[in-house]
1. If you check Ser297 against the conditions, is it among the hydroxyl-bearing types (Ser, Thr, Tyr), crowded, with 21+ Cβ neighbours inside 10 Å, touching a residue at least 40 places away in the same chain (Cβ under 8 Å) and under 24 Å from Asp175 (Cβ atoms)?
2. In region 150-171, how many residues are open to solvent by less than 20 Å² (accessible area, probe 1.4 Å), within 17 Å of Ser70 (Cβ to Cβ) and not in a loop (DSSP other than H, G, I, E, B)?
3. Among the residues of region 191-244, write down those that are of a type in the set (D, E, K, R) and either surrounded by fewer than 16 Cβ atoms within 10 Å (Cβ to Cβ) or out of contact with any His (no Cβ under 8 Å at 6 or more places or on another chain) (or both).
4. Does Arg101 satisfy the condition of being in contact with a strand residue (DSSP E or B) (Cβ under 9 Å, 6 or more places away or on another chain) and open to solvent by 80 Å² or more (accessible area, probe 1.4 Å)?
5. Which residues, counting only those in region 89-145, are within 23 Å of Ile161 (Cα to Cα), hydrophobic (A, V, I, L, M, F, W, C) and within 15 Å of ligand 1 (Cβ to nearest atom)?
6. Just to be sure I understand the filter: pairs with C-beta atoms under 7 Å, separated by 6 or more residues or on different chains, first member in region 2-19 and free of Cβ contacts under 8 Å to residues at least 12 places away in the same chain and within 14 Å of Lys251 (Cα to Cα), second member open to solvent by 30 Å² or more (accessible area, probe 1.4 Å) and among the polar types (S, T, N, Q). Which pairs pass?
7. Could you look through region 315-338, keep only residues that are outside any helix (DSSP H, G or I) and open to solvent by less than 30 Å² (accessible area, probe 1.4 Å), and pick out the one that is farthest from ligand 1 (Cβ to nearest atom)?
Amino acid sequence: MADSRDELIRMAKRTMQGLAENKGELVDAQYRVPVEYYFDQDRWQLEVDRIFKRLPLVLGFSCQVREVGSYLAVTVLGVPVLMARGSDGEMRAFLNVCRHRGAQVVEEGCGKARRFSCPYHAWSYNTQGDLVGIFEAAAFGDVDRNTHGLTTLPVTERAGIIWVTLTPNSRLDHDAFFRGYDKMLEHHHFADCHYAGGQTITGANWKIAYDGYLDFYHLPILHRNTFGPDTSPKALFEAWGPHQRLMAPDKRTSVNTLEGTPESEWPEEKLVFGVWTIFPHVSIAAFDAEGKVYMISQLFPGEGPDESVTTQHFLHTQPLTDAVKESMVSRMAFMVKVVEDEDYKTGKEIQRGMRSGAMSHVTFGKNEGGTQAFHKWVQAIIQADDDQLSDMFSTGIGTKSN
Ligand code: FES
Ligand SMILES: [Fe+2]
């Protein structure tokens, strides 16, 4: 595999060329998705079980749990998850479920602890997940502490991002899943960022919501009253397995300022433009500020096929001084408004439209290669057995890949 900086340079040049020729990427054919895939209950359940319950999901960021003993507890698709950095510095993930009678051990949120004590009868666990204390142990009777620790979940921390798989015994090969994309994401240096806040928005079906992040076609139209003017509807796509980066051959793209300087001097921060997505549920966008602000949108299916929940996480490259915090208030308010009032409002209308009987399928155009690849991966994964998954990520499914 090419060095990841060389890859960034190749993609910058590709974008410069797109800009010079005023051309986006066109794939060979259109692609159709049956409308039921966006609202059928069985189909939705299959996506939850075979995609969200089997693949590593982005559940946190290293900058939220930097120090030894820091933890993050979240509930994802009804599954309580605890991530904790042990005294050895290792990130671990567990089902946040007490092995006595199943109570949730740690309340949702971030914190720091040496021990986790269950609020029900005070059984306690260390940050490695070992059962280390039993209240009134003699009275309770024998418990094999070796087999009553918190149940571990597969976890991997790469590029400042924490991925957890909700299935305890998953054997999915992480390197196959990332296909080198983790190395690309390292160029963002998320591990050195500061967690500036998060906010949650509800939307329509998770794929309607996600389609929007893989789509530059709508930018100058739907967002005409906010950030749309001067954006390009054209896009160039890059893929590593199911993970995609979108780049716009757009005058405002930072590559525009690189012309005339030698490649070896092109600064990394100007090479990581565009939207970076992490299959199946994350989109990363960056904004210039004092330093740089990342908005990392993390999507999950909601209570049913018509609903999804998105958390916008904001990571800042600068320490969170009062001035930085203040600037984040208006930025976050703007981003929630754009997504709620423009993208997700439209998404909810689309959801009604899908159910209305007006059409039997959705057509993705030749200029919509990003959404096409996404839906092809969704389809391939829900059809694959557990044993086939790692191979499928290694070999690809016939969509293009780096
Ligand atoms: S359920 Fe946790 S100590 Fe009883
Ligand atoms: Fe949008």
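The values are calculated or read from the model by the stated rules, or taken from the named source; none is laboratory data. Fair warning: this is a prediction, and the values are worked out from it, not measured in the lab. Cβ coordinates were reconstructed from backbone atoms using ideal geometry, including for glycine residues, and neighbour counts include every protein chain displayed. Side chains are part of the model used for accessible areas, which takes the heavy atoms of the whole protein and leaves out ligands, DNA and RNA. Shrake-Rupley method; radii C 1.70, N 1.55, O 1.52, S 1.80 Å.
1. On the way: among the hydroxyl-bearing types (Ser, Thr, Tyr): yes; crowded, with 21+ Cβ neighbours inside 10 Å: yes; touching a residue at least 40 places away in the same chain (Cβ under 8 Å): yes; under 24 Å from Asp175 (Cβ atoms): no.
No.
2. Going through region 150-171 one residue at a time, the tally reaches 3.
3. So in region 191-244, the residues of a type in the set (D, E, K, R) come out as 192, 207, 211, 215, 224, 230, 234, 238.
If the condition is that a residue be of a type in the set (D, E, K, R) and either surrounded by fewer than 16 Cβ atoms within 10 Å (Cβ to Cβ) or out of contact with any His (no Cβ under 8 Å at 6 or more places or on another chain) (or both), then Asp192, Asp211, Asp215, Arg224, Asp230, Lys234, Glu238 are the ones that fit.
4. Numbers: in contact with a strand residue (DSSP E or B) (Cβ under 9 Å, 6 or more places away or on another chain): no; open to solvent by 80 Å² or more (accessible area, probe 1.4 Å): yes.
No; evaluated as a whole, the condition is false for this residue.
5. Listed by number, the residues that qualify are Phe94, Leu95, Val106.
6. The qualifying pairs do not exist here.
7. Applying the filter and picking the extreme gives His316.
Each row is one residue, and each column tells you yes or no for (1) buried (at least 19 other Cβ atoms within 10 Å of the Cβ); (2) more than 16 Å from ligand 2 (Cβ to nearest atom); (3) within 23 Å of Gly304 (Cα to Cα).
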residue	(1), (2), (3)
Leu46	no, yes, yes
Ser70	no, yes, no
Arg85	yes, yes, no
Arg114	no, yes, no
